[in-house]
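The values are calculated or read from the model by the stated rules, or taken from the named source; none is laboratory data. Please read these numbers as outputs of a predicted model, since none were measured by experiment. For neighbour counting, all protein chains shown are included, and Cβ atoms are generated from backbone atoms with ideal geometry for every residue, glycine included.
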Ligand SMILES: [Zn+2]
């Protein structure tokens, strides 16, 4: 489980439960005991939605599904340990309001990711620039400029050709990184000491759970779709599919399997290498061998 998921699931799960617990004590002084649950519920829903929309950072269904499970387990377990066992409520505690509270704890994260997904797709503003693929356009995404499908595409389609200027450097840190090109951050490595530019490939964002990969050998390579991809999806590749120098990036891809720091294929876990199959730069397979 990665740090982001730990924070979202356990950190916020415990924090939200504790807010409800404290609210319960405050309300105990002013509201009849049987009404406390019903009074806390709307307040709790508002706070929970705020946390889900503003604080929980994942962007996949799996992330929110795991958050929903952990939050519900925390609510049920903490209620039992710190309310039922410690306070011994005279009414036995478990009534309709409590069951609705458990259901909401599970449903709200799933509802939020559905809304985020729909909203996110609408928010991707297609800039309209044509790319190397007629079904892919440049768009403004969550992470800035990126490539997005404007129609369903199939597996193996060329997304971007790396056919631009070739740069040579002993290490990535020796490459120029001035505007407007930011060569160091955007050119893609294709041999131990060579990097290549692509007009559209350089617009692609990284993901630790990518849908595209590298195809081709030496200086002649392209980024292709690794599976069928539906319309309105951002296209990403894993920057470690090509890089193997001293370049590093703090990853904000938001995937539940995010590796947090991205840089060299030397650091790519074997499981990940295996998953990518042949979709990595040829020089890396020559250097490190096929993942087993
Ligand atoms: Zn990541």
Just one listed residue, out of 228, 180, is surrounded by fewer than 19 Cβ atoms within 10 Å (Cβ to Cβ) and either within 16 Å of the ligand (Cβ to nearest atom) or at pLDDT 90 or above (or both), and it is 228
All conditions in (1) over 22 Å from residue 196 (Cα atoms); (2) near the ligand (Cβ under 10 Å from one of its atoms) are true of residue 238 except (1)
Scanning region 183-198 residue by residue, those in contact (Cβ under 8 Å) with a residue 40 or more places away in the chain and either surrounded by fewer than 22 Cβ atoms within 10 Å (Cβ to Cβ) or over 27 Å from the mean Cα position of the chain (by Cα) (or both) turn out to be 184, 185, 191, 192
Screening 52, 82 for residues that are surrounded by 15 or more Cβ atoms within 10 Å (Cβ to Cβ), on the phi < 0 side of the Ramachandran plot, touching a helix residue (DSSP H, G or I) at 6+ places or on another chain (Cβ under 9 Å) and assigned to a helix (DSSP H, G or I) leaves only 52
Open item on the list: Residue under question is residue 246, and the condition is that it be closer than 22 Å to residue 261 by Cβ, out of contact with any strand residue (DSSP E or B) (no Cβ under 8 Å at 6 or more places or on another chain) and modelled with pLDDT of 90 or more; does it hold?
Closed with: yes
Does residue 151 count as outside any strand (DSSP E or B), at pLDDT below 90 and away from the ligand (no atom under 16 Å from the Cβ)? yes
| Test: residue 101 is closer than 22 Å to residue 26 by Cα and outside any loop (DSSP other than H, G, I, E, B) | yes
Output yes when any residue across region 264-273 is in contact with a helix residue (DSSP H, G or I) (Cβ under 6 Å, 6 or more places away or on another chain), more than 16 Å from the ligand (Cβ to nearest atom) and touching a residue at least 24 places away in the same chain (Cβ under 8 Å), and no when none is.
no
| said: For the structure I just gave you, tell me whether residue 77 is loosely packed, with under 14 Cβ neighbours inside 10 Å and under 30 Å from the mean Cα position of the chain (by Cα). | reply: yes
Check: Taking residue 172, is it touching a helix residue (DSSP H, G or I) at 6+ places or on another chain (Cβ under 7 Å) and touching a residue at least 12 places away in the same chain (Cβ under 8 Å)?
Finding: yes
The number of residues in region 202-223 that are free of Cβ contacts under 8 Å to residues at least 60 places away in the same chain, more than 15 Å from the ligand (Cβ to nearest atom) and touching a helix residue (DSSP H, G or I) at 6+ places or on another chain (Cβ under 8 Å) is 1
In region 241-263, residues that are near the ligand (Cβ under 10 Å from one of its atoms), surrounded by 18 or more Cβ atoms within 10 Å (Cβ to Cβ) and outside any loop (DSSP other than H, G, I, E, B) total 1
When residue 281 is run through (1) within 15 Å of the ligand (Cβ to nearest atom); (2) surrounded by 14 or more Cβ atoms within 10 Å (Cβ to Cβ), the failure sits at (1)
query = Do we have any residue at all in region 88-102 that's in contact (Cβ under 8 Å) with a residue 60 or more places away in the chain and under 30 Å from residue 260 (Cα atoms)?
reply = no
